[in-house]
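The values are calculated or read from the model by the stated rules, or taken from the named source; none is laboratory data. Given the structure is predicted, the values throughout are model-derived calculations rather than measurements. Cβ placement follows ideal geometry from the backbone for every residue including glycine, while neighbour counts extend to all protein chains displayed.
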Amino acid sequence: MLRSVILAASRNKWVERRVETTPISRGLVKRFVAGTTTADAVAATRALVDDGLLVTLDYLGEDTFNTAQAEHTRDEYFKLLTALNADGLTHAAEVSVKLTALGLLFDPEGAYLNAKAICDAAAEVGTTVTVDMEDHTVTDATLDIVNRLREDHPWAGAVLQAYLRRTEGDCKEFAGPGSRVRLCKGAYKEPESVAYQARLDVDRSYVRCINALMNGQGTPMLATHDPRLIEIAKDRAKWFDRDKDSFEFQMLYGIRPAEQKKLAAEGHKVRVYIPYGDEWYGYLMRRLAERPANMAFFLRGVASKK
Ligand SMILES: Cc1cc2nc3c(=O)[nH]c(=O)nc-3n(C[C@H](O)[C@H](O)[C@H](O)COP(=O)(O)OP(=O)(O)OC[C@H]3O[C@@H](n4cnc5c(N)ncnc54)[C@H](O)[C@@H]3O)c2cc1C
């Protein structure tokens, strides 16, 4: 119930304005978002890479409704890739893009071209791109574009969400040689017709998807903070005879940082997803929805400011 309310608020402009102007937001944003500038993003990347972690960077922005905004987002990625290259970080840092921030909702072909330009720029500096997955109304359009990107850049990564009923099938389809598939539980509010609603059903689906990806020929990128699923993934890696180099664990910036370092110390590849930029509202609300404790922390902060 609380999750549904927060996720509904994540799309509400009135709530957005209020949250953005509340001082306590700043503390919470700092925990989950690396900053607003390219320099902030590169500094956060450097710190994690020095700790033995890998990184994927997301310039925050979604639901873009005009060409200038979409091109601005694309250009921010160019700037970021140039800065990562100048700092010698592209061996360990890639980027994640949201197609709606590149124009998917009003110009799908333009979104593809923007994403392709980012992939071309990434290839030039020796790194990769993963295409984030958004709500189920854009799943097919997103996967179609990932398939087109893969024609030129076979490493273009897809994200699949275990809460969608279709995803076990998508995992089998996308797990071919050279593929990179990030598996997450899914962060949006979705109807029962397309998505499992009970946590247990989502977790069971996640395990079936781990099996499909580990049994495939690509690189599974297991994006979860869930300790049980992490243990199951380790177990399945042995079962499918995969060495530690052939898959990744991925977690979000600011969530379970000690576990991130522990897994890396065990010899696993661990990639941290770093969001940065001004448009942090939707991202922050999805993180709050995942954990009532985060919401309680936020509300306590708001109350104490009065
Ligand atoms: C690298 C990465 C990329 C992602 N990309 C996408 C994407 O493209 N599309 C999409 O829909 N979703 C994406 N997600 C979000 C994902 O779908 C989940 O919403 C999110 O990861 C929480 O699910 P969980 O697997 O960690 O399990 P949960 O059951 O939510 O959490 C398991 C445990 O992890 C810890 N934890 C989880 N979330 C938080 C939090 N916010 N604050 C503090 N502790 C927490 C808690 O200890 C919790 O008990 C991504 C996640 C990661 C890690």
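Could you list all residues from segment 203-219 that are over 26 Å from Trp155 (Cα atoms) and either surrounded by fewer than 18 Cβ atoms within 10 Å (Cβ to Cβ) or among the hydrophobic types (A, V, I, L, M, F, W, C) (or both)? Selection gives Arg204 alone.
For segment 241-275, a residue qualifies if it is more than 15 Å from the ligand (Cβ to nearest atom) and not charged (D, E, K, R), and the qualifying residues are Ser246, Ala265, Gly267.
So that you can scan it fast, the table gives a plain yes or no per residue for (1) among the acidic types (Asp, Glu); (2) surrounded by fewer than 21 Cβ atoms within 10 Å (Cβ to Cβ); (3) within 19 Å of Arg182 (Cβ to Cβ); (4) touching an Asp or Glu at 6+ places or on another chain (Cβ under 8 Å):
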position: Gly27; (1), (2), (3), (4): no, yes, no, no
position: Phe32; (1), (2), (3), (4): no, yes, yes, no
position: Asp58; (1), (2), (3), (4): yes, no, yes, yes
position: Ala70; (1), (2), (3), (4): no, no, no, yes
position: Asn85; (1), (2), (3), (4): no, yes, no, no
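Whether a residue is modelled with pLDDT of 80 or more and either closer than 24 Å to Leu84 by Cα or in contact with a Gly (Cβ under 9 Å, 6 or more places away or on another chain) (or both) was assessed, and Glu266 does not pass this test.
Filtering Ala123, Ala187 for residues that are part of a loop (DSSP other than H, G, I, E, B) and among the aliphatic types (A, V, I, L, M) leaves a single hit, Ala187.
Of all residues in segment 177-200, none that is within 15 Å of Trp155 (Cα to Cα) has its Cβ atom under 6 Å from the Cβ atom of a residue that is within 9 Å of the ligand (Cβ to nearest atom) and part of a loop (DSSP other than H, G, I, E, B), 6 or more apart or on another chain.
So which residues in segment 99-110 are crowded, with 20+ Cβ neighbours inside 10 Å and either over 21 Å from Arg286 (Cβ atoms) or out of contact with any helix residue (DSSP H, G or I) (no Cβ under 8 Å at 6 or more places or on another chain) (or both), if there are any at all? Write out each step before concluding.
We begin by selecting, within segment 99-110, every residue crowded, with 20+ Cβ neighbours inside 10 Å; these are 99-104.
The one that is crowded, with 20+ Cβ neighbours inside 10 Å and either over 21 Å from Arg286 (Cβ atoms) or out of contact with any helix residue (DSSP H, G or I) (no Cβ under 8 Å at 6 or more places or on another chain) (or both): Gly103.
Flag not set for Ala158, criterion: in a loop (DSSP other than H, G, I, E, B), surrounded by 14 or more Cβ atoms within 10 Å (Cβ to Cβ) and within 13 Å of the ligand (Cβ to nearest atom). Out of Leu200, Leu222, Leu229, one residue alone is crowded, with 17+ Cβ neighbours inside 10 Å and either of a type in the set (Asp, Glu) or not in a strand (DSSP E or B) (or both). It is Leu229. Within segment 138-151, can one find any residue that is part of a helix (DSSP H, G or I), more than 15 Å from the ligand (Cβ to nearest atom), surrounded by fewer than 23 Cβ atoms within 10 Å (Cβ to Cβ) and among the small types (Gly, Ala, Ser)? No, segment 138-151 contains no residue that is part of a helix (DSSP H, G or I), more than 15 Å from the ligand (Cβ to nearest atom), surrounded by fewer than 23 Cβ atoms within 10 Å (Cβ to Cβ) and among the small types (Gly, Ala, Ser). The residues on offer are Arg180, Arg228, Arg204, and the sole one that is touching a Gly at 6+ places or on another chain (Cβ under 8 Å) and within 14 Å of the ligand (Cβ to nearest atom) is Arg180.
Considering only segment 276-297, I want to know if a residue exists there that is within 14 Å of the ligand (Cβ to nearest atom), of a type in the set (S, T, N, Q), at pLDDT 95 or above and within 24 Å of Asp132 (Cβ to Cβ).
If we filter segment 276-297 for residues that are within 14 Å of the ligand (Cβ to nearest atom), which is where we start, we get 280, 282-297.
With of a type in the set (S, T, N, Q) added as a condition, the list becomes 294.
In the following step, the residues that additionally are at pLDDT 95 or above were identified as none.
Taking every residue of segment 276-297 in turn, none turns out to be within 14 Å of the ligand (Cβ to nearest atom), of a type in the set (S, T, N, Q), at pLDDT 95 or above and within 24 Å of Asp132 (Cβ to Cβ).
Tell me, yes or no, whether segment 176-187 has at least one residue that is basic (Lys, Arg) and either more than 19 Å from the chain's Cα centre (by Cα) or at pLDDT below 95 (or both). No, there is no match, as no residue in segment 176-187 is basic (Lys, Arg) and either more than 19 Å from the chain's Cα centre (by Cα) or at pLDDT below 95 (or both).
The one condition from (1) part of a strand (DSSP E or B); (2) away from the ligand (no atom under 14 Å from the Cβ) that Ala111 does not meet is (1).
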